[in-house]
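In what follows, a structure is listed as structure tokens, so that the remarks can point back to it.
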Amino acid sequence: MRMFELTLIALVALFTWSAVAEAIEVKKRREAPGTPAAVWAVVGDFCAVKNWHPAVAECEEITEGGDTFRILTLSDGGKIKEKLTDKGATSYSYEIVESPLPVKNYTATLSVGEDDEPERVEILWVSKFDANGARDEDAAKIISGIFEDGVKAIKKAALDLSDAKEDDDKN
């Protein structure tokens, strides 16, 4: 009887601990030239990700039951379905609905905002999620790599935009 009670207590403690475990958070930030509105005009459309993220080959935007979704086709053929949950002037939030990535309960926000310096923007991509079928560290590393490639690509788009503006100003 004593062993049963100890086992039961251990199971309750394990369940309670796992239920309150914190979600994994991944955050990537970059600075780039430009204004938030100008940079957002290039990268902010929900399906514009296909134009700037190197891992995304195609994006299809669909509406289901009044909600907006995008279906990303990755360069390796994988597909991710994401639901738009909020949209601001220079930000949007979304959640992953279906994905081959080792995550669940995934939510994220991509934003472009004012930086401390004039004519500079802050690119910020933040997510929270739980690992699914992988260790927390491995899932975080995968999402971190995706975000790193993404913010680098947005910075490049901002630099290209800034260079084009300088060329226009010279002419």
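Odds and ends about this structure:
- Residue in the stretch 52-75 that is aromatic (Phe, Trp, Tyr), under 30 Å from Ser162 (Cβ atoms) and touching a helix residue (DSSP H, G or I) at 6+ places or on another chain (Cβ under 8 Å) present: yes
- The stretch 101-112, residues that are more than 18 Å from Ala153 (Cβ to Cβ) and either among the β-branched types (Val, Ile, Thr) or surrounded by fewer than 16 Cβ atoms within 10 Å (Cβ to Cβ) (or both): Val103, Lys104, Asn105, Thr107
- Looking only at the stretch 82-109, and only at residues there that are among the hydrophobic types (A, V, I, L, M, F, W, C) and assigned to a strand (DSSP E or B), the one that is nearest to Val56 (Cα to Cα): Ile96
- Hey, Ala134 modelled with pLDDT under 95 and not in a strand (DSSP E or B) or not: no
- Among the residues of the stretch 115-165, those identified as aliphatic (A, V, I, L, M), surrounded by fewer than 16 Cβ atoms within 10 Å (Cβ to Cβ) and either farther than 22 Å from Val56 by Cα or touching a Phe, Trp or Tyr at 6+ places or on another chain (Cβ under 8 Å) (or both) are Ala134, Ala164.
- Every residue from the stretch 20-46 that is of a type in the set (Asp, Glu) and either over 12 Å from Lys155 (Cα atoms) or touching a Leu at 6+ places or on another chain (Cβ under 7 Å) (or both): Glu22, Glu25, Asp45
- Test: residue in the stretch 154-167 that is within 21 Å of Val26 (Cβ to Cβ) and in contact with a strand residue (DSSP E or B) (Cβ under 6 Å, 6 or more places away or on another chain): yes
- Residue match in the stretch 110-125 (condition: touching a Lys or Arg at 6+ places or on another chain (Cβ under 8 Å), part of a strand (DSSP E or B), farther than 23 Å from Glu31 by Cβ and of a type in the set (Phe, Trp, Tyr)): no
- Members of the stretch 54-87 that are more than 19 Å from Ile146 (Cα to Cα), surrounded by fewer than 12 Cβ atoms within 10 Å (Cβ to Cβ) and not charged (D, E, K, R): Ile62, Thr63, Gly65, Gly66
The values are calculated or read from the model by the stated rules, or taken from the named source; none is laboratory data. Please read all numbers here as calculations on a predicted model, not as lab measurements. All Cβ positions, even for glycine, are placed from backbone atoms using ideal geometry, and neighbour counts span all protein chains on display.
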